[in-house]
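The values are calculated or read from the model by the stated rules, or taken from the named source; none is laboratory data. Worth saying up front: this structure is predicted, and the values here are computed from it rather than measured. We place every Cβ from the backbone using ideal geometry, glycine too, and count neighbours over all the protein chains shown. Accessible surface is based on the protein model in full, side chains and every heavy atom, while ligands, DNA and RNA are left aside. Shrake-Rupley method; radii C 1.70, N 1.55, O 1.52, S 1.80 Å.
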Amino acid sequence: MSTSEFVYLNGEYSSKETTSLSILDRGFLFGDGVYELIPIYNKKIFYVEDHLKRLRSSLEQINISPLLLDTLNLIKIINKIIKINDYNDHYIYIHISRGVQQKRNHVYSDDCKPTVLVMGENYKPFSRSDIVKGKKAICEEDYRWLKSNIKSTSLLANVLIKNKANNSNSYEALLLRDGLLTEGSASNVFIVKGGVIKTPKLSNKLLPGITRKFLADLISLHNLDYAECDISKDELFDADEIFCSSSTNPVVPITQLDDKTISDSAGVISMDLYNHTQDYIRKNFK
Ligand code: PMP
């Protein structure tokens, strides 16, 4: 059965349900690839230059030439996907693997031609009342690799950790490496203490989230107090407010962390920022 949704794969537009890949694709065999998730609001692409810059950086770090992006013209492809599927508010995934190699081997051959997939996915963001209520999170040891700044499709650790959170009725797992907060399994993490919004500084241990950057822009626009700094486990549990950020839900207040109640409902600063994100999207995209 065919579907009315179309995806882009290696130059062709075809049905999402029936489009398939070679079993020899290194993305399947080794998780040898990178990806991006970009929000679409009212048919317009959100923070597109920042997303493409991060994709370029991910490609460079796994030794796939980012020149690929110049020849592809991804913005044109994304706009075509939006148009033919009549997407309004949606999410676009770009997946690029190193491509198909005839012999299964850890060592990649230099003449692999990258596989490029662009497809839409529809997530319903949390409602305002869910945001006000806040979500639960667990704390977990960050046992991922030390190149978590690459938006890699090798997501096994994130998958296991997110499922552990989900199995304990939690939205997210907040990760600690050497006693310091890094990020969530699928989000960046902020705390508020004494009126100051804090988040870990960028490093190889966390993804440079585009929503994290969007929030930093809004924080600066509204003259709020902000610091990028180390956050210890004690500081995390002692925070006045905690929230997670990601493309699908820009601000998700965490009101319960393991057995500790952080606050009875979303904190004032988290709600202010949530409202600023909604205002920005309304003003610039609707
Ligand atoms: N960290 C991780 C591990 C993620 O998977 C994500 C995206 N889901 C983020 C942070 C947030 O990134 P962005 O704001 O670009 O969606």
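What figure in square angstrom, to the nearest 10, would you give for the accessible area of Asp50 with a 1.4 Å probe? For Asp50, the solvent-accessible surface is approximately 40 Å². Converting the Cα gyration tensor eigenvalues of the chain into ellipsoid dimensions via √(5λ) gives semi-axes, longest first, of 33, 22, 17 Å. For the pair Val268 and Glu12, label points projected 7 Å from Cα toward Cβ lie 5.9 nm apart. Please state the shape class of the stretch 116-206: rounded when a/c is under 1.5, otherwise prolate if a/b exceeds b/c and oblate if not, all from the C-alpha gyration tensor. Taking the square roots of the gyration eigenvalues as a ≥ b ≥ c, the stretch 116-206 is rounded.
Remark: relative contact order (the chain) = 18 percent; criterion is Cα-Cα distance under 8 angstrom and separation of 6 or more residues. Seen against the Cα atoms of the chain and their longest principal axis, helix 210-221 is set at about 40 degrees.
Over 25 Å between Cα atoms: which of Lys43/Lys133; Lys213/Lys283; Lys16/Lys43; Lys164/Lys193; Lys76/Lys205; Lys151/Lys201 fall into that group?
Beyond 25 Å between Cα atoms: Lys43/Lys133; Lys164/Lys193; Lys76/Lys205.
Put Phe28, Phe126, Phe46 in order of accessible area, highest first, and with a 1.4 Å probe you get Phe28, Phe126, Phe46. Between the alpha-carbon centres of the stretch 164-210 and the stretch 117-137 there is a gap of 17 Å. With both labels modelled 7 Å from their Cα along Cα-to-Cβ, the Lys76 to Val107 distance reads 3.8 nm. Note on exposure: Thr199, Thr71 ranked by accessible area (1.4 Å probe, complete protein assembly) read Thr71, Thr199, with the most exposed listed first. Here the chain has 52 percent of its accessible surface on carbon and sulfur atoms, given a 1.4 Å probe and all protein chains in place. Phi-derived couplings, Karplus 6.51 cos²θ - 1.76 cosθ + 1.60 at θ = phi - 60°, listed residue by residue for the stretch 49-60: 5, 5, 5, 5, 5, 5, 4, 4, 5, 4, 4, 4 Hz, with x used for Gly and Pro.
With distances taken between every two different alpha-carbon atoms, the stretch 6-121 has a Kirkwood hydrodynamic radius of 14.7 Å.
Compared with the dominant Cα axis of the chain, that is its longest principal axis, helix 156-167 is turned about 50°. Annotation note: trypsin sites (Lys or Arg not before Pro) in the stretch 13-120 located in DSSP loop regions with a Cβ neighbour count of at most 10 within 10 Å are Lys103, Arg104. Of the residues Val189, Gly179, Ser265, the one whose Cα sits farthest towards the positive end of the charge dipole of the stretch 128-284 is Val189 (charges of +1 on Lys and Arg Cβ, -1 on Asp and Glu Cβ, taken about the Cα centre). Packing here is the average count of other Cβ atoms within 10 Å per residue, and on that basis the peptides 229-235, 114-120, highest first, run 114-120, 229-235.
Computed from the mean reciprocal separation of all distinct C-alpha pairs, what Kirkwood hydrodynamic radius does the stretch 128-284 have, in Å?
Evaluated over the stretch 128-284, this radius sits at 15.5 Å.
Relative contact order of the stretch 128-284, taken over Cα pairs closer than 8 Å and 6 or more residues apart, is 26 percent.
Helix content alone sets the calculated 222 nm mean residue ellipticity of the chain: runs of n ≥ 4 DSSP H residues at -39500 (n - 2.57) each, divided across all residues, give -9000 deg cm²/dmol.
Under a 5 Å amide H cut-off, with hydrogens placed 1.01 Å from N, Asp89 pairs with Asn42, Lys43 among residues at least 5 apart or on other chains.
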